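The values are calculated or read from the model by the stated rules, or taken from the named source; none is laboratory data. All of these numbers come straight from a predicted model, not from anything done at the bench. For neighbour counting, all protein chains shown are included, and Cβ atoms are generated from backbone atoms with ideal geometry for every residue, glycine included. Areas reflect the complete protein model, heavy atoms only, side chains present, ligands, DNA and RNA absent. Shrake-Rupley method; radii C 1.70, N 1.55, O 1.52, S 1.80 Å.
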Amino acid sequence: MSTPALDIKGLHVGYGDARVLRDLSLSIGKGQLVALIGANGAGKTTLLRTISGLLRPSSGSIALYGKALEGRAPHQVVEHGFVQSPEGKQLFLEMSIRENLLVGAHGKRARAMREQTLKEVFELFPILEERQHLDASTLSGGQQQMVAVGRALMAKPTLLALDEPSLGLAPIMVDRLFESIKKIRDLGVTVLVIEQNVFKVLQMADYGYVLENGGISMQGTGDELLGNEHLRATYLGM
Ligand code: ATP
């Protein structure tokens, strides 16, 4: 079997005495679009922050394309190719769209390619090219989310993680954004998406994981999970 894009084994993470992740293991194949779902407070963001090097696990291993990530500083994790677009976008609203995008390309590897990558981001989101010199504050919520995803792409990820990208967006914008996420996967980037929009994300995902009680309680293809009774009752109210 080829080396997974991301391989996490026996991860334990907490805040002080509060344990959030307990013996969590998951694996993401190269080029896959994988959904991670779970209730509010289940620990999804904690997992991303741990992979990013912002939190230290008390035990367990994290490997990105076979290279150990645990113990590395956040900028080193980005240089290795794990880039996340955080929940809530976190743009600089008084800066132009172009400047916001370029913020993503500050690493050594990404800086050298930034003009080419900017072109690719503009191909994916043409509206951002048209409006590139306007302040980010002039954009709608959906367009701001495009900037947040585009900024993460500017860092040249091999694994792109998106934390609740559909939060607060109108349904039509969610559909457009999810189409763009599929295109990013089709360009060869492995994608991990955290989502509350369980139905839509499992419809587009190649594979999904459910985080409950600090660990992975269920996994399967999007169709398998959508057919699971516990999942339907807990996350879809069916
Ligand atoms: P949401 O969908 O609401 O973003 P989540 O699944 O991403 O939830 P986390 O944000 O990872 O969950 O939080 C997991 C648990 O850790 C929660 O109980 C939360 O209260 C707690 N927690 C998160 N950040 C901290 C912190 N900095 N200090 C202490 N506890 C925290």
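Here is how the numbers come out for the structure above:
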item: Unique residue being surrounded by fewer than 16 Cβ atoms within 10 Å (Cβ to Cβ) and small (G, A, S) when the list is G227, G214, G208, G220; result: G227
item: Hits in region 25-41 - residues which are within 16 Å of the ligand (Cβ to nearest atom) and either surrounded by fewer than 21 Cβ atoms within 10 Å (Cβ to Cβ) or of a type in the set (D, E, K, R) (or both); result: L26, A39, N40, G41
item: Breaking point among (1) assigned to a helix (DSSP H, G or I); (2) of a type in the set (S, T, N, Q); (3) touching a residue at least 24 places away in the same chain (Cβ under 8 Å), for Q196; result: (1)
item: Residues that are closer than 14 Å to G214 by Cα and within 9 Å of the ligand (Cβ to nearest atom), drawn from region 42-78; result: A42, G43, K44, T45, T46, L47, L48
item: Top-ranked residue of region 6-21 - restricted to ones that are open to solvent by 60 Å² or more (accessible area, probe 1.4 Å) and more than 16 Å from A68 (Cβ to Cβ), ranked as nearest to the ligand (Cβ to nearest atom); result: Y15
item: Hey, V83 touching a Pro at 6+ places or on another chain (Cβ under 7 Å) and open to solvent by less than 70 Å² (accessible area, probe 1.4 Å) or not; result: yes
item: Close pairs (8 angstrom Cβ cut-off, 6 or more residues apart or separate chains): on the phi > 0 side of the Ramachandran plot in region 25-46, among the small types (G, A, S) and open to solvent by less than 10 Å² (accessible area, probe 1.4 Å) anywhere; result: G31/A5; G43/G214
item: Elements of type helices (runs of 4 or more DSSP H) in region 38-144, at least 3 residues being within 22 Å of L177 (Cβ to Cβ) and out of contact with any Phe, Trp or Tyr (no Cβ under 6 Å at 6 or more places or on another chain); result: 44-51, 97-103, 114-124, 126-130
item: Unmet criterion (only one of (1) open to solvent by less than 30 Å² (accessible area, probe 1.4 Å); (2) away from the ligand (no atom under 16 Å from the Cβ); (3) in contact with a helix residue (DSSP H, G or I) (Cβ under 8 Å, 6 or more places away or on another chain)) for T190; result: (3)
item: Some residue of region 83-91 being farther than 19 Å from G188 by Cβ and more than 16 Å from the ligand (Cβ to nearest atom); result: yes
item: Residue in region 130-141 that is buried (at least 21 other Cβ atoms within 10 Å of the Cβ) and within 22 Å of K44 (Cα to Cα) present; result: no
